[in-house]
Amino acid sequence: MTTSTRQAIGRAIRDLRKENGLTQEKLALMVGVERSYLAKLEAGKRNASIDVLEKIADGFDLTLAEFFSRI
């Protein structure tokens, strides 16, 4: 995954989280990941697996296609 793709995915996660009034801690608990890992995803510093992206999308009641349309 390229840096620009990681950053775009991270921005989409952060924007969704903020639009829904969630802290990183609350979203991390909702999707079953560590807050520090979520922070690195949002910053574009870590690659997210499809499994994690699916959990995040589900947490916002989105399909993966709807999530990726935000990028």
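The values are calculated or read from the model by the stated rules, or taken from the named source; none is laboratory data. Just so we're clear, the structure is a prediction, and the values are computed from it rather than from any experiment. We place every Cβ from the backbone using ideal geometry, glycine too, and count neighbours over all the protein chains shown. Surface accessibility is based on the protein's heavy atoms, side chains included, excluding ligands, DNA and RNA. Shrake-Rupley method; radii C 1.70, N 1.55, O 1.52, S 1.80 Å.
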Of all residues in the range 43-71 being hydrophobic (A, V, I, L, M, F, W, C), more than 10 Å from the chain's Cα centre (by Cα) and in a helix (DSSP H, G or I), the one that is nearest to Thr5 (Cα to Cα): Phe68
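In the range 1-27, which residues are among the aliphatic types (A, V, I, L, M) and either part of a helix (DSSP H, G or I) or modelled with pLDDT under 95 (or both)? Reasoning before the result, please.
Initial filter on the range 1-27 (among the aliphatic types (A, V, I, L, M)): 1, 8-9, 12-13, 16, 22, 27.
Met1, Ala8, Ile9, Ala12, Ile13, Leu16, Leu27, listed by residue number.
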Check on Lys40, in contact with a helix residue (DSSP H, G or I) (Cβ under 7 Å, 6 or more places away or on another chain) and in a helix (DSSP H, G or I): no
Hits in the range 28-37 (condition: open to solvent by less than 100 Å² (accessible area, probe 1.4 Å) and assigned to a loop (DSSP other than H, G, I, E, B)): Gly32, Val33
Residue list for the range 13-37, filter: at positive phi and either in contact with a helix residue (DSSP H, G or I) (Cβ under 9 Å, 6 or more places away or on another chain) or charged (D, E, K, R) (or both): Gly32
